1. For residue A:144, state whether it is within 26 Å of residue B:79 (Cα to Cα), touching a helix residue (DSSP H, G or I) at 6+ places or on another chain (Cβ under 9 Å) and either surrounded by 13 or more Cβ atoms within 10 Å (Cβ to Cβ) or in the same structural domain as residue A:34 (by TED's automatic domain parsing) (or both).
2. Would you list the helices (runs of 4 or more DSSP H) that sit entirely within the range B:45-150 and hold 2 or more residues that are over 18 Å from the mean Cα position of the chain (by Cα) and either within 8 Å of another protein chain (Cβ to nearest Cβ) or closer than 30 Å to residue A:116 by Cβ (or both)?
3. So residue A:117 ticks every box in (1) away from ligand 4 (no atom under 16 Å from the Cβ); (2) at negative phi; (3) exposed (fewer than 15 other Cβ atoms within 10 Å of the Cβ) but one. Which box is left unticked?
4. Where the second residue is modelled with pLDDT under 80 and the first is in a helix (DSSP H, G or I) and lies in the range B:1-28, which pairs have Cβ atoms under 6 Å and are six or more apart or on separate chains?
5. Would you mind finding the one in B:128, B:117, B:106 that is at pLDDT 95 or above, outside the structural domain of residue B:32 (by TED's automatic domain parsing), more than 13 Å from ligand 2 (Cβ to nearest atom) and more than 26 Å from residue A:109 (Cβ to Cβ)?
6. Kindly list the number of the only condition in (1) surrounded by 13 or more Cβ atoms within 10 Å (Cβ to Cβ); (2) at pLDDT 95 or above; (3) within 25 Å of residue B:86 (Cβ to Cβ) that fails for residue A:77.
DNA sequence: GTGATATTGATAATCATTATCAATTGATAT
DNA sequence: ATATCAATTGATAATGATTATCAATATCAC
Ligand SMILES: [Mn+2]
Ligand SMILES: [Mn+2]
Ligand SMILES: [Zn+2]
Ligand SMILES: [Zn+2]
């Protein structure tokens, strides 16, 4: 099963990377990663905290923030900025899952997309500017087309 | 002179748009726009406030924030996010000046660029997703290549 | 000039995120 | 299993950028 494989590798990745960096696997971290893996949207720290507390009431918001920070440095979690004031998070296992977001400015809906041409182009641009590309942010904002499908 | 023409059109644009929206032209707004037009970088509100106070000591930080907000809504100013915690601002007269930024994560240096291919592609992507593109954010982060020119 | 109202400066409030710190826990060696 | 010790946690204070409040002031159409 594809889903199971992905979840396993995420948890394995977590434990392996934790050991490699001298970090400890705690119950709190396990819960937070699990909740985030089960989420199919982009929760902020508070939303995540609420979900996490349904599993373990005692986990604090500080631990949620700290864990997200750790997971981000491990490239297990991606931190996103959709323009409202808070950061949003999602699982980002390996390089496979790289994608960007189209945000409907009327409904707030978020559509994910990946475009290889775009990835190539942005790499080429960086190269022409004399840079080694380390990271990039791209978000599109728009409104739904009132087309035939409407 | 090209520079003079741009400055004139920016100030004219300011006054015209202010009148159109029932906004008043104040000394504070004039100073803030002027300082921002003379800047060739991306100051944050505090940096801008410091520069503004050299012309008029009495202008408050609140007015700087408020003015930037007004100017942004008029599309005279673009608000940027380079990943440090504060917003940065720059003059953005008309559509002509649309551009993006390559940020050197080691030095903090910011290089501006424009790429038509990229603009076309991002428009095409939005269209394929069924969206009318209203805005987009794109920033590249990287390190200088250790190439021949070094 | 006068008057309605937009704007301002000073300052308090907000709100997301970080820092602090004593208490607890996980990993490792014995 | 127990001891050890650094990593982690929860509670809470602090931070820092931005926004809201409000009485005083300035702008502009008349
Ligand atoms: Mn996503
Ligand atoms: Mn710029
Ligand atoms: Zn990408
Ligand atoms: Zn663009």
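The values are calculated or read from the model by the stated rules, or taken from the named source; none is laboratory data. Being a predicted model, the structure only gives us computed values, none of them experimental. Cβ coordinates were reconstructed from backbone atoms using ideal geometry, including for glycine residues, and neighbour counts include every protein chain displayed.
1. Considered against the rule, which asks whether it is within 26 Å of residue B:79 (Cα to Cα), touching a helix residue (DSSP H, G or I) at 6+ places or on another chain (Cβ under 9 Å) and either surrounded by 13 or more Cβ atoms within 10 Å (Cβ to Cβ) or in the same structural domain as residue A:34 (by TED's automatic domain parsing) (or both), residue A:144 comes out as no.
2. Numbers: elements: B:45-55, B:61-73, B:116-128.
The helices (runs of 4 or more DSSP H) meeting that bar are B:116-128.
3. Checking residue A:117 against (1) away from ligand 4 (no atom under 16 Å from the Cβ); (2) at negative phi; (3) exposed (fewer than 15 other Cβ atoms within 10 Å of the Cβ), the one that fails is (1).
4. Here the result reads B:10/B:93, each pair linking the range B:1-28 to a residue that is modelled with pLDDT under 80.
5. B:117
6. That leaves (2) as the condition not met.
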